[in-house]
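Student: Handing you a structure now.
Bear in mind that the values in this text are calculations on the coordinates, not laboratory data. These figures come from a predicted structure and were not determined experimentally. So basically every Cβ, Gly included, is an ideal-geometry build from the backbone, and we count neighbours across all protein chains shown.
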Amino acid sequence: MIKKFFLLVLMIFLASCGSNQSVVRTSQSDPRKTATPVAQRIKKPIYRPYQPKSTEPVAQKSNPTTSNPSSTEILEATTRVKVTKEIVLAYIDRYKNIAKDNMVKTGIPASITLGQAILESGAGTGPLSMQANNHFGIKCHKEWNGPSIKYTDDEENECFRKYEDPSGSFRDHSYFLTSRPRYASLFQLGKSDYAAWAKGLKAAGYATDPKYPEKLIGLIERYQLGKYDAEVLGNDYVAVTVVKNEIVYAEEEAKHTVVKGDTLYSLSKKFNISIEELKRKNNMTDNSLSLGQTIIVK
């Protein structure tokens, strides 16, 4: 009897515990269980490049300075330019390799190319060279469809070619001479005979200035441009000395009389020649010099 009573009390207790757990499970809510999971609620931001609103279609936008390669500019005519010797020498140093390379490719003497460039561009200071990179005054002609510039030369507001880089002007100069039949006779001349080339250019109608050949030859000889022809041809170059418009080709003009303080080293620096070359030219076995001694320095 006691055992039955004990079992009954135990069953009632167990039933009461089960009922309490059921109430907790159904009456209380856990927000962490019912709300959207954290991984779904937090979204990474999406970054997009800024695109300003525009009422004009993109296809219609253009840059007036680049979209039309044939655009022209109007320049006022200018007079002669004045340049210093230093400017000319710097110009020669900058473009001599282009002239020599063109000589190898086309047969046009480097001295002619450089001389014409100096004369017609004012050693790079003239308006066409400064504003159009046109160093030879090359006009547009019918076949040209690139950029151009208006400039008053023989006539008012003539059309001249405009280049992105001066090298394009040098290239066109060579093509201009090699492609036109009227200049064909020039290529029968010696490649080092710049005087004949200068006169031939005038005879073929390259320039309207009657003194063009004399001006060109004068520049070539004043700045010793013939040495670049010799370098390309592999020839020895004899320096040209200009004395009051008289051209002297004699080797004796390249001699020096030794004065107090002269040494082979100082003379090599003064005349831009190596000590070994000085000794070779003068058959010297040592470095000693005597006052009054005449030595060849070129």
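Student: Give me the distance between the Cα centres of segment 147-211 and segment 257-298, rounded to whole Å.
Tutor: 43 Å
Student: In addition: Kindly flag which residue pairs out of LYS85/LYS150; LYS82/LYS202; LYS100/LYS142; LYS211/LYS270; LYS199/LYS269 have an alpha-carbon separation exceeding 32 Å in this structure.
Tutor: Check vs 32 Å cut-off fails for LYS211/LYS270; LYS199/LYS269.
Student: To continue, here is another question. Grab the Cα-Cα distance for ASP193 and CYS159, subtract it from 0.36 nm times how many residues apart they are, and report the gain in nm with one decimal.
Tutor: Value of the extension gain: 9.0 nm.
Student: Another question, if that's okay. Going by a ≥ b ≥ c, the root eigenvalues of the Cα gyration tensor, does segment 85-249 fall in the rounded group (a/c under 1.5), the prolate group (a/b larger than b/c) or the oblate group?
Tutor: In terms of gyration-tensor shape, prolate.
Student: Determine, for LEU177, LEU186, LEU114, the number of other Cβ atoms within 10 Å of each Cβ, and report the residues in order from fewest to most.
Tutor: In order of increasing Cβ crowding within 10 Å: LEU186, LEU177, LEU114.
Student: Where does segment 254-296 land on the Kirkwood hydrodynamic radius, alpha-carbon pairs, in angstrom?
Tutor: 10.2 Å
Student: So if each residue of separation counts as 0.36 nm, and I subtract the Cα-Cα distance between TYR237 and LYS269, what length gain in nm does that give?
Tutor: Additional length available on full extension: 9.6 nm.
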